[in-house]
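**Student:** Before we start, here is the structure in question, set down as C-alpha cells.
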Amino acid sequence: GQVDIANTDYINLPEKWQGENKVAAEVAVNLVYGAKQESKDINSPEFLEEASEAVHVEWMKRNPKEEWNAAQHVPYSELPEAEKQKDRDQVVLAIQNFASK
C-alpha cells in the first residue's frame, strides 16, 4: 500500500521509508549547518526555498525516475505546492533543530 511519508510518524513507516526520511533529514541538516558556517540567514525565505530545492534535487538523485514517482521527478519550481511543502518541512525541522542547540 501507499504511505504518506511526510505525514506518518517515523516509527510507523516501513523501514525503507524510515531510511528515506533519515537521509532527507541529513541533507537538510547539512544544508543548514553549511549555511550557518557561511553566515547565511537561515531564517530568510530565500534560504528556505534554496535549501528546499536542494533537498528535492538530492531526493531525485536517490530516487531515479520511475512510474511511481514521475509526477515528483520534475524541477522544484514545477512541483505542486503540496510537494514543495514536504521539502520545506524538512528544512524547517533542520532549522528548528539547529536553533534548539
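**Student:** Out of segment 17-42, which residues are within 15 Å of PHE98 (Cα to Cα) and open to solvent by 50 Å² or more (accessible area, probe 1.4 Å)?
**Tutor:** GLU26, VAL29, ASN30, LEU31, TYR33, LYS36, GLN37, GLU38, SER39, LYS40, ASP41
**Student:** Also, I was wondering about something else. I need the full set of residues from segment 50-96 which are over 22 Å from ASN30 (Cβ atoms) and surrounded by 15 or more Cβ atoms within 10 Å (Cβ to Cβ), in order please.
**Tutor:** Scanning segment 50-96 gives a single hit, HIS73.
**Student:** What helices (runs of 4 or more DSSP H) completely inside the chain contain at least 3 residues that are over 16 Å from the mean Cα position of the chain (by Cα) and touching a residue at least 40 places away in the same chain (Cβ under 8 Å)? Lay out the reasoning, then the answer.
**Tutor:** Working: elements: 15-37, 45-62, 81-99.
It comes to none.
The values are calculated or read from the model by the stated rules, or taken from the named source; none is laboratory data. Remember, predicted model here, so these are calculated numbers, not experimental data. Neighbour counts are summed over all protein chains in view; Cβ atoms, including those assigned to glycine, are modelled from backbone coordinates with ideal geometry. SASA here: full protein model, heavy atoms, side chains in, ligands and nucleic acids out. Shrake-Rupley method; radii C 1.70, N 1.55, O 1.52, S 1.80 Å.
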